[in-house]
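So the structure is just underneath, and the comments pick up after that.
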Amino acid sequence: MTESIKYLLDESRIPKSWYNIMADLPAPPPPVLHPGTLKPVGPDDLAPLFPMSLIAQEVTTEREVEIPEPVRDIYRQWRPSPLYRARRLEQVLQTPAKIYYKYEGVSPSGSHKPNTAVAQAFYNREAGIRRISTETGAGQWGSSLAFAGALFGIEVQVFMVRVSYDQKPYRRALMETYGARCTPSPSDETQSGRAILAKRPDHPGSLGIAISEAVEVAASRDDTKYALGSVLNHVLLHQTVIGLEAMAQMEMAGDAPDIVIGCTGGGSNFAGIAFPYIGAALRGGKKARFIAVEPAACPSLTRGKYAYDFGDTAHLTPLAKMHTLGSTFTPPGFHAGGLRYHGMAPLVSHLKELGLIDAVAYHQKPCFEAGVTFARAEGIVPAPESNHAVRAAVDEALRCKEEGKSRVILFNLSGHGHFDMQAYTDYFAGKLVDQSYDEAELAMALAGLPSVKAA
Ligand SMILES: *Cc1c(COP(=O)(O)O)cnc(C)c1O
């Protein structure tokens, strides 16, 4: 093992620190702006929403941020998560490539999201917070924060996008089992929700609207803070535990990836696996290709604009420069609810602008096709979101076959699909359609971007 990795792990092989890519960037990302003054936000602006320890992590440029011992202690239940070589998939594809995957579905809620949920609950609890509001799309984040809240004695209220609330009763039941309260969004519990319902009582909801509701609750109640499951710097930081472990595990396997792949909704699991490798490359280590894979029906990185935008629909959040489809954009319904967000993490967007990562977009049918091939070879049924990463890994492996080249491919299998079997049932019944978004709506949403002069 290289010295730097040894330093980060102890005998339990769980990293002692998260890795902060801010320390190694060739240029800093543009600042986050206050929506009123258009000046960079300060810690006090964010204090109603987050505990100071997380606000500090949002802006720190320290390369290593220590993982608190109580958090590592909980990580021990499922970390280090396994890294597998997909030998049977390689055989099925008849590829000379070596395919490795890091499997995050072994966490209690079945995805990578508890890596940050546990950390966020810990810092909130340390700051004396007893109540957290949040949003969830497919329910993966809501159930992860509900789990973390249960461990730390924090009450959790989850605004769940209405379509998912109706379509995914078992995710809701999981949240309630952990003790969280789940409210379909838009709801009549907030001003933002009531404003939407007044215009359209049967509104299916969106992540942007659910974020508005959760932020509004936190901003208007002294006893409540807000938590976000992706996008923010501190969330991406917590997820680097994935890539740091993968680096050590790949070294044990005697390989180093030429290609690193992750699916992207808000960017956190991709950042988790890729950032430690990108940082190592920036410090003069081995170079690799990094591929962010997004849904063609919600393609922020490949079709969005790199511009300042709000994180939510009601415009309660600060402005961040990111690849965005516009905060009023409602993506069509498809079976990877966790990827239906209008924006992309500012750090992932910045890396895209710097030319350090690539992005591709896929429709859902080819993703499910790859997911089924993967399940039949490897036994694990991927989450619909993760199928996007599987598709890209399969395509890279097939390209290796065409070119007669052996490359090492590493992808992040961000979660299992056990709560998403309806999506597989629909796929087998031929009911999935490869929907495109409405071009006119996208143009309108982009035209509505806030105007911000070069900061
Ligand atoms: C939430 C989720 C995603 C998308 O979110 P990111 O922040 O982009 O990682 C991907 N896969 C799974 C399994 C998820 O639950």
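The values are calculated or read from the model by the stated rules, or taken from the named source; none is laboratory data. What you see is a predicted model; the values in this text were computed from it and never measured. Glycine gets a Cβ as well: all are built from the backbone with ideal geometry, and neighbour counts include every protein chain shown. Note: areas computed on protein heavy atoms with side chains; ligands, DNA, RNA excluded. Shrake-Rupley method; radii C 1.70, N 1.55, O 1.52, S 1.80 Å.
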- [ ] Run down Gln57, Gln140 and say which single residue is within 19 Å of Ala345 (Cα to Cα) and within 14 Å of the ligand (Cβ to nearest atom).
- [x] Gln140
Task: Residue ID - nearest to the chain's Cα centre (by Cα), chosen from residues in region 256-285 that are β-branched (Val, Ile, Thr) and near the ligand (Cβ under 10 Å from one of its atoms) - done: Thr264
Open item on the list: Considering only region 301-316, I want to know if a residue exists there that is at pLDDT 95 or above, touching a strand residue (DSSP E or B) at 6+ places or on another chain (Cβ under 9 Å), within 16 Å of the ligand (Cβ to nearest atom) and assigned to a helix (DSSP H, G or I).
Closed with: yes
Open item on the list: I'd like the residue in region 147-190 that is outside any loop (DSSP other than H, G, I, E, B), of a type in the set (S, T, N, Q) and closer than 24 Å to Pro331 by Cβ and, out of all such residues, is modelled with the lowest pLDDT.
Closed with: Gln167
Task: Restricting region 108-121 to residues that are farther than 22 Å from Val65 by Cα and surrounded by 22 or more Cβ atoms within 10 Å (Cβ to Cβ), the residue that is nearest to the ligand (Cβ to nearest atom) - done: Ser111
Open item on the list: So in region 377-413, with the set limited to residues that are assigned to a loop (DSSP other than H, G, I, E, B), in contact (Cβ under 8 Å) with a residue 40 or more places away in the chain and open to solvent by 10 Å² or more (accessible area, probe 1.4 Å), which one is farthest from Ser107 (Cα to Cα)?
Closed with: Gly404
Open item on the list: Can you pull out every residue in region 7-33 that is exposed (fewer than 14 other Cβ atoms within 10 Å of the Cβ) and either touching a helix residue (DSSP H, G or I) at 6+ places or on another chain (Cβ under 6 Å) or without any contact (Cβ under 8 Å) to a residue 60 or more places away in the chain (or both)?
Closed with: Tyr7, Asp10, Glu11, Pro28
Open item on the list: Quick test for you: out of Arg181, Arg200, Arg171, pick the one residue that is within 21 Å of Gly337 (Cβ to Cβ) and within 16 Å of the ligand (Cβ to nearest atom).
Closed with: Arg171
Task: Pairs, first aliphatic (A, V, I, L, M) in region 417-430, second modelled with pLDDT under 95 and crowded, with 22+ Cβ neighbours inside 10 Å, C-beta under 6 Å, six or more apart - done: Ala423/His335
TODO: Kindly check whether there is at least one residue in region 288-302 that is touching a residue at least 40 places away in the same chain (Cβ under 8 Å), of a type in the set (Ser, Thr, Tyr) and within 20 Å of Pro346 (Cβ to Cβ).
DONE: yes
- [ ] Check region 236-254 and report whether any residue there is within 20 Å of Phe310 (Cβ to Cβ), surrounded by 21 or more Cβ atoms within 10 Å (Cβ to Cβ) and within 15 Å of the chain's Cα centre (by Cα).
- [x] yes
